[in-house]
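Worksheet for the structure shown next.
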Amino acid sequence: MGELRVCFYSGDMETILDQTLSPRYGGAEWRTYITARAMAADPCCSVCLAVDKIPSRRTSAHEIDLHLIPKPLVRDSLLLTWVAIVLRGMKAIGMPPEERASYLEGIRSLPPINTYGVLEKVAPRVYDWLVKARWSRLLRKTGSDWHVVWWNCSPTYQAVRAARLLGKHSAIWLSSDIDIDWDLPGRDPQSTQLYRWALRHADLVLAQSEHQRRVLASEGVESHLLPTGIEIGHDTGHEVRDNVLWVASCQRVKQPELFLELARRLPLIPFTMIMTRRSWSADQFDELATAGELIPNLEIIDGVADLRPYYDRAAALVNMSTHEGFPNTFLEAAVSSTPVIALNVDPDGMLSGGAGITCGGDFELVVRSVAELYGNAEARSVLGATARAYVAEHHDIVKVAAKLKALMQA
C-alpha cells in the first residue's frame, strides 16, 4: 500500500506553531495538532496542516508542511476597492473646480468597500464560484488524498465539497456536542444546513463519544468512534495536592461564573482558574477577572503554555460546562492522576466509571465533592489512578493515530 497523504485543517493554530507566543487556542486545535504530529511520525504517512495564519518565516512545523486556508476574498476586496476609487476619481475630471475639491474630499473619507459582503448578496453564484475555486486550489496544492476538518460551519462544507469535486476523500471529526445540537438557540440556519450537507457527504465522519454516534445515527449519518488522543508519558503528579483547578475558555457554555461561586463558597481552599483571553471573548474574560479580584482564595491566569505542572499539583479539575465533546482537559488531568469533578458531563461514562465524580447538574453536590476530595488524599489517589489507567487504555495518541490511519485505508 502506498504512502497515505493527509491534510488537517484548523484555525487558531498560530500560538501552537509558535510557542513563544501567549497561548490562544482551544482543545480542538490542540487535538488537531497532536494527531497530525503523531501521524507524521509514521514513515508511511505524509502530513500537512492548513491553517488560518502561519507564523512569520515558517513553512513547516515538526516536519509538517503548512498551508493557508482561503480567507473571504480579502485580496479581491482590496483590489476592487481601489478600482472603485479610481472610477470615482475619473468622474471628478469633468467637474467644476469648486465641486471637484469637495467630491474628492468625500472619496478620501469613504470607508473601504466590503466587496466580499456586497458580492455575496448581489451575485451569490459568482461569490460561491470564487470561494469554490479558492478551496479547490488549496486542496490541489496540499497534494493530499485525505482532508480532515472539524468546524461546524461553512469551511467544513467548502472542504468537503472541494474534495468531492477533485475526487479526494474528506473526514469530519466532531469536536463539542454543540456541533450536533440542532436546536441550540442562536444557531445560524444557513451554516447548520451546510454542515448537515457536509456530514452526509463526507467519506468519513468521526465521533468523540458514543453519545455523538447516537445523535449522528438519528440523522442517518454513519460514524466511527475516534477518541481524542494524548501523549501519556510518565506520571508526574505530586503527592501533595494544594489547589482546585479550572482549565477552559470563558465561553458561556463553560459557565466560568460557577467556578467563581465555588471559590466563594469554599474560602479555605485555594482555587486556580486558567483561561485564555481571545479576541472574541475579551469582554467576558475581563468581566470574570474583575470579579475574581474580589475572591482572595482564587487566582486567575491568562493562558499557560505548559499546563502539566498545574495538573500535577491539583487536588481535582472542575468542569462546569453544559456541553462538551470529550474534553482535552479530562485527559490532561488524568495523565497527572488528577480526578475530575464535573457538574453536567460524563463522556462515555469515564467519571461514573471511577475516574472522577459526575454531579448530574447539582451544583451543591459539586461544592460538597470538592470539599470532601480536597481533604481526602486516599480517595483522590484511587480516583486519579483509575483516571490514568482509563486514558492510557483508550486515549493514547499512538493508538488514536493508528486507528485513524486504518479507517482511512479501509
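Nothing in this text is a laboratory measurement; each read-out follows from the coordinates by a stated rule. If you're wondering where the values come from, they're calculated on a predicted model, not measured in any experiment. For neighbour counting, all protein chains shown are included, and Cβ atoms are generated from backbone atoms with ideal geometry for every residue, glycine included.
Points to keep in mind about this one:
- Antiparallel bridge percentage (DSSP; both residues within the chain; nearest 5): 5 percent
- Under the Karplus curve 6.51 cos²θ - 1.76 cosθ + 1.60, θ = phi - 60°, whole-Hz ³J(HN,Hα) for the stretch 173-180, x wherever Gly or Pro sits: 10, 4, 10, 7, 4, 4, 3, 10
- Cα-based shape type of the stretch 31-73, given that a ≥ b ≥ c are square roots of the gyration tensor eigenvalues and the cut on a/c is 1.5: prolate
- Of all segments of the chain bounded by trypsin sites (Lys or Arg not before Pro) found in a DSSP loop with no more than 12 other C-beta atoms within 10 Å, the longest spans 59-410.
- Distance between the stretch 205-244 and the stretch 152-179 - C-alpha centres, whole angstrom: 20 Å
- Estimated 222 nm signal from helices in the chain, with DSSP H stretches of n ≥ 4 weighted -39500 (n - 2.57), rounded to 500: -14000 deg cm²/dmol
- His234, His62 arranged by Cβ crowding within 10 Å, fewest neighbours leading: His234, His62
- Sorted by Cβ density within 10 Å, fewest first, the residues Val131, Val304, Val247: Val304, Val131, Val247
- Checked against a 19 Å cut-off, the cross-linked pairs Lys53/Lys141; Lys132/Lys168; Lys53/Lys399; Lys168/Lys405 give Cα-Cα distances beyond that limit for Lys53/Lys399.
- Per-residue Cβ neighbour rank within 10 angstrom, fewest leading, Ile16, Ile341, Ile274: Ile274, Ile16, Ile341
- Additional length obtainable on full extension of the chain from Arg265 to Glu287, 0.36 nm per residue less Cα span: 6.0 nm
- Of the chymotrypsin sites (Phe, Trp or Tyr not before Pro) found in the stretch 181-276, those that fall in a DSSP loop while having at most 13 other beta-carbon atoms within 10 Å are Trp182.
- For the stretch 243-394, the share of alpha carbon pairs falling in successive 10 Å distance bins from zero is 12, 45, 37, 7, 0 percent.
- Our note on the geometry: Cα centres of the stretch 353-410 and the stretch 18-32, 22 Å apart.
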